[in-house]
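The values are calculated or read from the model by the stated rules, or taken from the named source; none is laboratory data. All of these numbers come straight from a predicted model, not from anything done at the bench. Reconstructed Cβ throughout: ideal geometry from the backbone, glycine too, with neighbour counts over all protein chains shown.
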Amino acid sequence: MVQASTQTRAVTDVDSDAVVVTAFEDGFSPAAQEVDRALDGLLTEMRDGKELSGKFAERTVIHTLGRMPSKRVMVLGLGKPKQLDTYRLHNAFWFAGAALRKQGAHSVSAYVDGAVVDAIHGRNGESAAALPDTVHAVATGLALGNYQGDSNKSEKKDNGPGIESIAVGGLDGRPGVDEALRQAVILAEATNTVRAWAAAPSNQLTPTLLAEAAQKLFAGTGLEVEVLDKAALQREKAGALLGVAQGSDEPPVMIAVRWDGGAPDGPRLALVGKGITFDTGGISIKPSAGMETMKFDMGGGAAVLGAMWAISQLKPKANVIGVVPATENMPSGHAYKPGDVLTSMSGKTIEVLNTDAEGRIILADGIEWAKRMGATHIVDVATLTGAIVVALGHVNTGMFTNDEDFAAMVARASRRGGDRVAPMPMHPEYDVALTSEVADMKNIGGREAGSVSAAVFLREFAGELPWVHLDIAGTVWNDQGDLTVVPKGPSGTPVRTFVHLAFEFAKQ
Ligand code: BES
Ligand code: ZN
Ligand code: ZN
């Protein structure tokens, strides 16, 4: 794991492989001004020559040629202070970390200042959280730059160990920085684990291998892990998960993890994540173009497991359970077919009209299992619908709920964690879309509002419990990068939201 500490030395005294200082569009930070002075006005000259503007995520690397102990300085643009939220701060430092890692930097000192903390405070509205949220965004962002995603190349490039130590300066004297840094490193480690799992090819991460990876991750953490294999799922009558799994030669599993950090009779938060290790669409098969991306269809499940690991390290005084139903969705001679009726673990029956709407089906059993484990509140997370990608692109996760107070809590956790969620509607007029002639519900609605009908389906299984559904089909992976400045590849979202949510529960 990366080492993170407070940097107490001035930017012109510190000897790191690289130093990061920030600039807004309306001016240099105090640390950038110190660098400017040490380099005889170089930054000012570059700004006057329009080579340095402070626009968001601009990265300007300057060699100090012995005039400062550190070899390189990166001036990182943070854009407009009014637009700076944890998401943008985190993404800017993520870009910075990735660039510095590629240049071979092992030790990085990053300087932020009161103006950045104030900007975050302005957006998040919580004064006590502004400092830790800022420190998390900076240190976690930099550490995410260590993720490389080339583990399957037979010829390893010698990239060295990546960024090994991060020091955050410019905030000296403020209490809480060290504790925030300790947390940031764990959040980054969890996020990078989730990213690696989402990127893993499906032949290297089958449901069985995912369960093994989870058991390995949780070994020695004190967290209880239960893996329900196919026989156990048959005993529990998990007909929804087993129905989807029918077409695959890989057996399904349900991974269940439990963290009892709160009062035994207190609230119990359940995180339920879609674990489709590959989604071909089944008999309602997907077109071949782009099908390879469906290796990330377990990204929700990965985020749940990553969050549970971070929770085991950070130990919030809250009760949290993680549930991941996992299977492939394959066509074959024994695959489930359109028109089939499945009886879910809850007893509710599902008419399958499209085998590609499989995520909601397996989540039905995941949600029921979470209830049996004593959930009082449920958040499910899934790469559920292509329609949410059309609606929100790669920038926002779609959030659906049956309980506005609970959704507000999740939204607050996401703001703190540097994930973005946008509320989506669930008015009763959308409900009729799932009425089936032959079963309790059909698994698809019409062509319109596809993300909402998927949410309506899930809500029926949550029943009376406060429930939030996060559709991460667009945010799990950014492959466009043309809508706005978002780092490409797997994001790990919403693992940090979940960890913050657990801490919110600890306050109850
Ligand atoms: N895993 C997909 C959703 C998806 C699409 C995720 C694109 C990420 C990017 C899901 O299982 C699916 O296939 N959904 C269908 C539902 C439809 C058949 C009602 C979809 O969105 O097309
Ligand atoms: Zn599908
Ligand atoms: Zn899917």
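Candidates 274, 237, 286: the one that is of a type in the set (D, E, K, R), closer than 30 Å to residue 339 by Cα and in contact with a Leu (Cβ under 8 Å, 6 or more places away or on another chain) is 274. If the condition is being within 16 Å of ligand 1 (Cβ to nearest atom) and touching a Phe, Trp or Tyr at 6+ places or on another chain (Cβ under 7 Å), then the range 347-373 contributes 352, 355, 360, 364.
Residues of the range 347-376 that are within 16 Å of ligand 2 (Cβ to nearest atom) and either of a type in the set (S, T, N, Q) or touching a His at 6+ places or on another chain (Cβ under 7 Å) (or both): 354, 355.
Filtering the range 463-476 for residues that are more than 22 Å from residue 147 (Cβ to Cβ), in a helix (DSSP H, G or I) and out of contact with any Phe, Trp or Tyr (no Cβ under 7 Å at 6 or more places or on another chain) leaves an empty set. Residues considered: 381, 395. Of these, the only one that is within 16 Å of ligand 1 (Cβ to nearest atom), β-branched (Val, Ile, Thr) and modelled with pLDDT under 95 is 395. The residues in the range 139-195 that are under 24 Å from the mean Cα position of the chain (by Cα) and free of Cβ contacts under 8 Å to residues at least 12 places away in the same chain can be counted, and the count is 1. Scanning the range 271-299 for residues that are of a type outside the set (A, V, I, L, M), more than 20 Å from the chain's Cα centre (by Cα) and either part of a helix (DSSP H, G or I) or under 18 Å from residue 321 (Cα atoms) (or both) returns a single hit, 292. For the range 300-352, a residue qualifies if it is more than 16 Å from ligand 3 (Cβ to nearest atom), buried (at least 23 other Cβ atoms within 10 Å of the Cβ) and part of a loop (DSSP other than H, G, I, E, B), and the qualifying residues are 318, 344, 345. Residue pairs whose Cβ atoms lie under 8 Å apart, sitting 6 or more positions apart in sequence or on different chains, and linking a residue in the range 438-454 that is over 20 Å from residue 390 (Cα atoms) and assigned by TED's automatic domain parsing to the domain that holds residue 341 to a partner that is within 16 Å of ligand 3 (Cβ to nearest atom) and part of a loop (DSSP other than H, G, I, E, B), are 442/352; 442/353; 443/352; 443/353; 443/354; 443/357. Checking each residue in the range 446-487 for being more than 22 Å from the chain's Cα centre (by Cα), small (Gly, Ala, Ser) and within 16 Å of ligand 3 (Cβ to nearest atom) picks out 450, 453. Out of the residues in the range 425-456 that are part of a loop (DSSP other than H, G, I, E, B) and acidic (Asp, Glu), which is nearest to residue 339 (Cα to Cα)? Checking each candidate, the answer is 437. Residue 12 - would you say it is outside any loop (DSSP other than H, G, I, E, B), over 15 Å from residue 140 (Cα atoms) and of a type outside the set (Phe, Trp, Tyr)? So residue 12 fails the test. Among the residues of the range 105-128, the ones that are among the small types (Gly, Ala, Ser) and either assigned to a helix (DSSP H, G or I) or at pLDDT below 95 (or both) come to 7 in all.
Residue by residue, here is whether (1) outside any helix (DSSP H, G or I); (2) of a type outside the set (Lys, Arg); (3) away from ligand 3 (no atom under 16 Å from the Cβ); (4) under 17 Å from the mean Cα position of the chain (by Cα) holds:
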position	(1), (2), (3), (4)
361	no, yes, no, no
368	no, yes, yes, no
380	yes, yes, no, yes
387	no, yes, no, no
406	no, yes, yes, no
